[in-house]
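This report refers to the structure that appears directly beneath it.
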Amino acid sequence: MNVTDLLHITRPLQKRGKYEGKLGRLVLDSRTVRKNDVFIALRGEKSDGHHFIGDAVRKGAMVIIAEQIPGEKSKNGQSPEAVLPEDRLIIQVANTMNIVGELAQNFAGYPAESMKMIGVTGTNGKTTVSTLVYQVLKSLGYNAGLLSTVDTRIGDRIEESRLTTPDAVTLASLLNEMSNVDTAFAVMEVSSHALEQQRVGGIRFDVAAFTNISQDHLDYHRDMDAYINAKRRLFLSLDREAVAVVNRDDPAYVRITEGCHAEIWEFGFQDDKDFRILDEGPEGMVLDLDGMIVSTPLAGRYNAYNVAQAYLICLAAGCSKYNVAAALGDTYGAPGRMERVVLEKSAGPVSHKSTMPSVFVDYAHTPDALDHVLQALHEARRKGQMLHVVFGCGGDRDRTKRSKMGHIADQYADVITLTSDNPRTEDPQSIIRDIREGITRNDHLFIEPDRRKAIRAAILDADTRTMVLVAGKGHENYQEVHGRRKKFDDRKVVAGALSEWVDRRLPGKNSPGGADKKITGGLNRNKKKRVN
């Protein structure tokens with residue numbers, strides 16, 4: 001990248017100063033600027049990069065890309081507080097966000113062009129679909145990479161992810177790493193934030209998938225129309241050689257694909273003889289996917305959509321339908337997505353999963369996601385089996401979904417425990433009160449703001465005929481309280497409680513009665529508040 005190419009891509013409104021030397025990196029954070037770097041000032045939700053132009057210059061940035069020239073006032077009367085030396089170049093553009101993705105890919109040498117790009121967007125199912133596709137491709141012997149909410153996988157390296165879709169510069173760097181290890185397929189989740197902020201600009205997707213749309217992120221997007229339009233950007237970017245795999249059972253698919261030039265593959269399970277659920281239960285499903293029979297260990301009707309979409313994505317990517325169908329039988333999807341927690345080590349006669357409560361951890365944190373997972377467990381439970389849900393809602397986020405999630409839990413669960421999710425800077429009790437507005441019952445409703453205590457109490461109170469769903473955090477290994485993150489993993493807390501459940505039922509412990517005798521000390525012993 002040289003200055004001439006930079007000016008060609010940015011198409012500046014005006015430029016000041018002059019620089020003809022070698023360009024360094026493209027940088028978004030002024031704190032990481034080094035000599036000769038190009039600093040691009042982005043306007044974010046919480047900060048404005050224009051306020052840090054002076055810092056970037058002092059640290060050695062030779063080119064500044066911004067929407068305002070330092071020293072010139074904008075319509076609101078504000079101006080970046082920086083004085084640029086004459087040997088620095090400032091490029092003024094209409095909107096820095098609109099060009100950051102293209103610039104980042106250019107600086108990295110367009111690494112996405114060396115591999116097939118697969119993008120998955122939608123409210124729910126992105127992580128499971130992306131992970132299933134990645135697992136199938138790996139099992140078929142392809143060198144695949146994954147960028148998901150849970151983790152980033154490049155070659156043999158696995159790292160925890162911080163965002164569903166990284167910022168444009170980080171994303172370009174990760175794709176460059178994939179290219180360097182000869183990755184054939186890059187599978188990535190594409191969030192609405194990333195699409196709105198042009199983080200995936202400059203990337204040509206070969207396959208794009210739409211899972212579904214439901215209420216989420218309305219604290220960022222103005223309304224559902226804006227949210228859908230953000231998702232639609234992915235499909236408007238596709239060329240005629242690409243394939244769009246869309247769930248037509250979601251009415252939004254019509255809006256999503258409007259104006260899309262790619263070949264569109266539709267699928268659905270409603271009134272469709274080509275896609276059917278032949279058998280389902282808590283241990284998995286048997287699906288007929290356009291004539292191919294697929295047996296999957298994933299449970300729940302919504303997972304039928306995830307498996308079907310992963311199947312079609314792999315076919316669109318060029319894989320054999322026979323190989324894909326066989327591989328899907330051995331894939332378990334993403335961690336923390338309808339994940340059943342069982343004890344790894346034998347702990348005596350009650351350690352087998354069939355003689356313990358069935359405990360599932362799921363990331364469901366939206367009304368639609370909670371509805372799907374609770375409905376799936378409600379339909380899969382055996383006769384006489386009780387369903388107990390433990391969940392909360394995140395703080396400092398969309399408040400309108402809280403009562404809706406309470407109403408959904410009220411519909412499907414026999415017992416409800418309301419607790420904290422990531423309260424962030426909000427009062428957990430205030431969040432719980434919002435959730436309670438959607439719940440009509442007073443019996444079998446418990447309040448325990450301490451999430452660890454809530455999970456432990458629900459499991460210790462359970463017997464072998466109980467299914468417990470711990471919803472909201474899934475794979476996350478932290479809890480954000482008072483604006484700070486502390487270590488917390490639902491799966492580890494569940495495993496510890498299950499181990500304690502087993503210990504209490506081992507011969508010689510507690511009162512006689514064996515594994516089927518219910519042990520008190522769960523809900524009441526923990527002084528968990530019951531609402532009457």
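Highlighted here are the helices (runs of 4 or more DSSP H) found entirely within the stretch 125-233 that include at least 3 residues which are at pLDDT 95 or above: 126-139, 168-180.
Scanning the stretch 151-174 for residues that are hydroxyl-bearing (S, T, Y) and more than 13 Å from S191 (Cα to Cα) yields T152, S161, T170, S173. Listed by first and then second residue, the pairs linking a residue in the stretch 409-433 that is touching a residue at least 40 places away in the same chain (Cβ under 8 Å) and among the charged types (D, E, K, R) to a residue that is surrounded by fewer than 23 Cβ atoms within 10 Å (Cβ to Cβ) and part of a loop (DSSP other than H, G, I, E, B), with Cβ atoms under 7 Å apart and 6 or more places separating them unless they lie on different chains, are D421/G394; R424/G394; R424/G395; R424/D396; R424/G483.
Within the stretch 461-494, restricting attention to residues that are open to solvent by 30 Å² or more (accessible area, probe 1.4 Å) and not charged (D, E, K, R), which residue is farthest from T127 (Cα to Cα)? Write out each step before concluding.
Restricting attention to the stretch 461-494, the residues satisfying the condition of being open to solvent by 30 Å² or more (accessible area, probe 1.4 Å) are 461, 465, 477-478, 480-487, 491-492.
With not charged (D, E, K, R) added as a condition, the list becomes 477-478, 481-483.
On the way: N477: 16, Y478: 18, V481: 25, H482: 28, G483: 26 Å.
Among those residues, the one meeting the criterion is H482.
For the stretch 284-329, which positions are part of a helix (DSSP H, G or I) and of a type in the set (D, E, K, R)? Within the stretch 284-329, R301, K321 qualify.
Here the condition is being open to solvent by 10 Å² or more (accessible area, probe 1.4 Å), more than 25 Å from G202 (Cα to Cα) and at pLDDT below 90; of S47, S74, it holds for S74 alone.
Scanning the stretch 414-450 for residues that are small (G, A, S) and either at positive phi or open to solvent by 20 Å² or more (accessible area, probe 1.4 Å) (or both) yields a single hit, S430. Here I118 fulfils each of the conditions (1) within 25 Å of A304 (Cα to Cα); (2) without any contact (Cβ under 8 Å) to a residue 40 or more places away in the chain apart from (2).
Within the stretch 153-166, track down each residue that is closer than 23 Å to L328 by Cβ and open to solvent by less than 70 Å² (accessible area, probe 1.4 Å). Listed by number, the list holds a single entry, R153. Among the residues of the stretch 235-262, those identified as more than 24 Å from the chain's Cα centre (by Cα) and surrounded by fewer than 14 Cβ atoms within 10 Å (Cβ to Cβ) are D239, R240, E241, E258, G259.
Where residues in the stretch 350-389 are among the hydrophobic types (A, V, I, L, M, F, W, C), more than 28 Å from N212 (Cβ to Cβ) and open to solvent by less than 60 Å² (accessible area, probe 1.4 Å), which of them is modelled with the lowest pLDDT?
Step one: of the stretch 350-389, the residues among the hydrophobic types (A, V, I, L, M, F, W, C) are 350, 356, 359-361, 364, 369-370, 373-374, 376-377, 380, 386-387, 389.
Among the residues that remain, those that are also more than 28 Å from N212 (Cβ to Cβ) are: 350, 356, 386.
Then keep just the ones that are open to solvent by less than 60 Å² (accessible area, probe 1.4 Å); that gives 350, 356.
Working: V350: 44, M356: 87.
By that ranking, first place goes to V350.
Per the conditions (1) open to solvent by less than 60 Å² (accessible area, probe 1.4 Å); (2) touching a residue at least 12 places away in the same chain (Cβ under 8 Å); (3) not in a strand (DSSP E or B); (4) not β-branched (V, I, T), the sole criterion not satisfied by D272 is (2).
The values are calculated or read from the model by the stated rules, or taken from the named source; none is laboratory data. Predicted, not measured: the structure shown is a model, and the values here were computed from it. Glycine also receives a Cβ, built like all others from the backbone with ideal geometry; neighbour counts cover every protein chain displayed. Side chains are part of the model used for accessible areas, which takes the heavy atoms of the whole protein and leaves out ligands, DNA and RNA. Shrake-Rupley method; radii C 1.70, N 1.55, O 1.52, S 1.80 Å.
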